[in-house]
Amino acid sequence: MKRRGVLTWGMAALFFCAAVCLAESGDLSAEDIVRKANHMSLYQGDDCRGRVTLTITDKQGRVRKREFNMLRKDADASDTDQKYFVFFHEPADIRKMVFIVHKQVFSGKDDDRWLYMPNLDLVKRIAASDKGTSFVGSDFLYEDISGRSPSEDIHELVETTESHHVLKSRPIKPEAVEFAYYVSLIDKKTFLPSDITYFRSDDRPYRRIRSIRVESVEADEKGVRVDYPTVTLSFAEDLDTGGRTEMAFSRVRYNTGLTEDLFSERYLRRPPKDVVR
């Protein structure tokens with residue numbers, strides 16, 4: 001009986017190892033890779049918070065900075081709806097500005113987005129069509145901050161190298177976006193995108209986002225110690241104008257117990273103290 005038990009366990013281990021080896025050898029569909037990459041980029045942990053510093057350099061070499069706290073909470077474990085809260089610290093002219101997003105993936109509704117401008121004491125609803133515009137004057141777009149739904153594109157696995165999966169993605173509704181397609185390099189170990197280049201219809205690249213530094217962030221997940229690989233330094237480049245923005249992510253924490261009420265309109269004007277610190 002013991003011998004049968006050992007044999008059964010050994011066969012299970014063999015099948016498990018075979019499955020892992022197949023996955024590592026590239027036996028994954030484009031949809032599998034996109035699903036994993038989407039999770040690793042946007043949905044690790046139940047929530048996440050940290051400090052973001054944007055360093056914006058235009059084609060003349062002039063530099064501007066933006067600094068803000070960003071908090072994110074998932075609706076559940078389905079990798080769909082999320083809520084974001086952004087509180088600005090710098091520069092002085094936008095200090096205390098607040099940006100809230102209610103991301104809705106499969107409901108058929110557009111994302112809900114609000115911006116509070118303290119200098120005018122004005123709450124502005126941001127149209128869904130604005131998600132492809134610049135985020136606070138940087139080379140990142142609103143959509144880069146909260147993510148683009150994988151279901152909005154058709155994905156093709158064009159190559160698997162020793163270190164990356166290479167995907168080509170075309171929009172299902174090309175009239176709704178300015179790109180014809182984009183090519184993503186997905187790291188085979190972390191499944192985080194390391195490079196995304198956007199192309200126009202004439203195959204000319206015009207925009208690029210690169211992940212420069214990935215760090216492992218320790219967190220508690222239901223009483224178990226886990227490590228989340230996290231992009232802590234990235235760049236967005238406008239290849240037409242020569243503009244470039246560095247995004248540095250620091251003070252990163254996961255599973256901090258953020259509550260739903262934080263992401264409501266009531267906190268646009270008066271965020272809790274632990275959010276603004």
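The values are calculated or read from the model by the stated rules, or taken from the named source; none is laboratory data. Bear in mind the structure is a predicted one, so any value in this text is a computation, not a measurement. In this analysis, Cβ positions are derived from the backbone assuming ideal geometry, glycine residues included, and neighbour counts consider all displayed protein chains.
One table, with the values for the structure above:
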quantity	calculated
Every residue from segment 202-228 that is within 22 Å of Phe68 (Cα to Cα) and out of contact with any Lys or Arg (no Cβ under 8 Å at 6 or more places or on another chain)	Ile209, Arg210, Ser211, Ile212, Arg213, Val214, Glu215, Ser216, Tyr228
Single condition Thr232 does not satisfy, out of (1) touching a residue at least 60 places away in the same chain (Cβ under 8 Å); (2) of a type in the set (S, T, N, Q); (3) within 24 Å of Phe135 (Cα to Cα)	(1)
Matching entry among Glu143, Glu159, Glu152 (being surrounded by 12 or more Cβ atoms within 10 Å (Cβ to Cβ), in contact with a Pro (Cβ under 9 Å, 6 or more places away or on another chain) and among the charged types (D, E, K, R))	Glu152
Tally of residues being at pLDDT below 95, part of a helix (DSSP H, G or I) and either of a type in the set (Asp, Glu) or touching a Cys at 6+ places or on another chain (Cβ under 8 Å) (or both) across segment 1-57	1
So Ala30, is it out of contact with any Phe, Trp or Tyr (no Cβ under 6 Å at 6 or more places or on another chain), under 24 Å from Thr161 (Cβ atoms) and among the small types (Gly, Ala, Ser)	yes
So Lys65, is it free of Cβ contacts under 8 Å to residues at least 40 places away in the same chain and either assigned to a strand (DSSP E or B) or hydroxyl-bearing (Ser, Thr, Tyr) (or both)	yes
Arg270 within 19 Å of His155 (Cβ to Cβ) and either out of contact with any Ser or Thr (no Cβ under 7 Å at 6 or more places or on another chain) or surrounded by 12 or more Cβ atoms within 10 Å (Cβ to Cβ) (or both)	no
Entirely in segment 77-171, the strands (runs of 3 or more DSSP E) that have 2 or more residues that are out of contact with any Leu (no Cβ under 8 Å at 6 or more places or on another chain) and among the small types (Gly, Ala, Ser)	none
Tally, over segment 106-145, of residues that are at pLDDT 80 or above and either closer than 20 Å to Val52 by Cβ or β-branched (Val, Ile, Thr) (or both)	21
In segment 265-274, residue farthest from Ala75 (Cα to Cα) [restricted to those that are part of a loop (DSSP other than H, G, I, E, B) and in contact (Cβ under 8 Å) with a residue 24 or more places away in the chain]	Arg269
From the options Phe88, Phe68, residue that is of a type in the set (Phe, Trp, Tyr) and out of contact with any helix residue (DSSP H, G or I) (no Cβ under 6 Å at 6 or more places or on another chain)	Phe68
Looking only at segment 200-252, and only at residues there that are assigned to a strand (DSSP E or B) and acidic (Asp, Glu), the one that is nearest to Phe179 (Cα to Cα)	Asp238
Selected residue (only one of Val183, Val158, Val177 is aliphatic (A, V, I, L, M), at pLDDT below 95 and under 21 Å from Glu31 (Cβ atoms))	Val177
